[in-house]
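What follows draws every value from the coordinates through simple rules; no lab data is involved. Because the structure is predicted, anything quoted here is derived from the model rather than measured. Note that each Cβ is placed from the backbone with ideal geometry, even for glycine, and that neighbours are counted across all protein chains shown.
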């Protein structure tokens, strides 16, 4: 077992054709079985192998959209070791076959990854596989120079990739949030370790410095605000460090010429340009409060919400739009409800009206979800314009014993940023915080009115 774990997670053992096929097929089967069982448990649908491998289709996104946030996070964490094993074994298999280890980057490209695995399963081992080359002992000469060159290479990658993805393609894709930090990691680490091997700790330090400077460049050049960058950095750090470990391994054991690393640096911008855009899944957030007042009292404070107190939650103080009040033009289905936020108003045509029971509405126009923090006056990054869209909402009132009411608030929304499991954690948290601010205010008003 120890030998197999070393084969999966280590870098010292070469991977021949037989080991690649047997381990890859077995691990793929285990991954599919667990994923399909989880999706089936929450959706009641069988996730077929054909649907599973076609990862760029809308069908997969819609299947996953019904899985709760906690389960989605677990699914994402469960995926990480399989990505590590698949990429690590692919780069060693390429080197064992006498090919450039950088070909393993295709492992992350939809469709191309299956062609890569098929090709690597067919190629015989080279007479003297590059991955068998011994790793020399670490030295410290020119460490500062190598580190600065690695950081500089990372900065050269970051700016054009972000400009291509965000401002040209107008897409906050997985290629941007995963491909870019991974590329920063393996290029900075490869440059840092190419002439003289460094320790893993030194390599991680250079990768994190490169990611930090890349983040600072986006901030000070007004390409992004502090809030989005702060949310993205934990994901970027994990992915970047993983890329750095692989880049170090290739530099020390792959016998790759610098020209190959230069071509590999094109991975992130090309991945961003080639990645297809698919409609985001619709997410749902439900928040519930119990109120010591009857439904008819609660209803009056639902259809029109009087002024809320100034927001005190930290989330709102750093710029996220906070609800201020709701007003109603008309009554019944067809009326227009306006929900005022600190950034503007949401326009909500009423589509369902059951007095003292249900208020349902579409959202046809919405204000920006937040004001980004920046030292510049007019920073308006594209993610504030349509990448978070609330589509509809509802309030449902359920009578309880002793004249009490259970008030449910629901919002359906779309967030067009990948990877979905990661950004869904933040978006659900923000929507739920907004819900609680409104529902707790309605609760106070209704209970105070009931006591009068």
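Here are a few things to note about the model shown:
- The smallest convex shape that holds all Cα atoms of region 283-451, its convex hull, gives 115 Å³ per residue.
- Arranged from fewest to most other beta-carbon atoms within 10 Å of their beta carbon, 198, 396 become 396, 198.
- Length-normalised contact order for the chain - Cα pairs under 8 Å, 6+ apart - percent: 15 percent
- Two-decimal Rg to Rh for region 239-320 - Kirkwood Rh, Cα set: 1.35
- Exposure proxy order (Cβ contacts within 10 Å, fewest to most) of 72, 89, 28: 28, 72, 89
- In nm, spacing of pseudo-spin labels at residue 440 and residue 313 (7 Å Cα→C-beta vector): 0.8 nm
- With 0.36 nm allotted per residue and the present C-alpha distance subtracted, the residue 125-residue 3 stretch has 41.9 nm of extension available.
- If you wrap region 386-452 in the convex hull of its Cα atoms and look at it from every side, the mean projected area works out to 5.5 nm².
- Rounded to 10°, Cα long-axis angle of helix 180-193 versus longest principal axis of the chain: 30 degrees
- Each Cα pair under 8 Å and six or more residues apart adds its separation to the average, and for region 385-452 the resulting relative contact order is 26 percent.
- Full extension of the chain between residue 345 and residue 447 gives 34.0 nm of extra length, using 0.36 nm per residue less the Cα-Cα distance.
- Mean projected area (nm²) of the alpha-carbon convex hull when region 166-276 is viewed from all directions: 7.0 nm²
- Across region 1-129, the relative contact order, built from alpha-carbon pairs under 8 Å that are at least six residues apart, equals 32 percent.
- Full extension of the segment from residue 48 to residue 402, taken as 0.36 nm per residue of separation minus the current Cα-Cα distance, would add 122.5 nm.
- Angle between the chain longest axis and helix 17-43 axis [Cα atoms, degrees, rounded to 10]: 0 degrees
- Fewest-first ranking of 290, 362, using other Cβ atoms within 10 Å as the exposure measure: 290, 362
- Taken over the chain, the ratio of Cα radius of gyration to 2.2 N^0.38 Å equals 1.16.
- Counting every pair of alpha carbons in region 1-129, the share spaced more than 20 Å apart comes to 48 percent.
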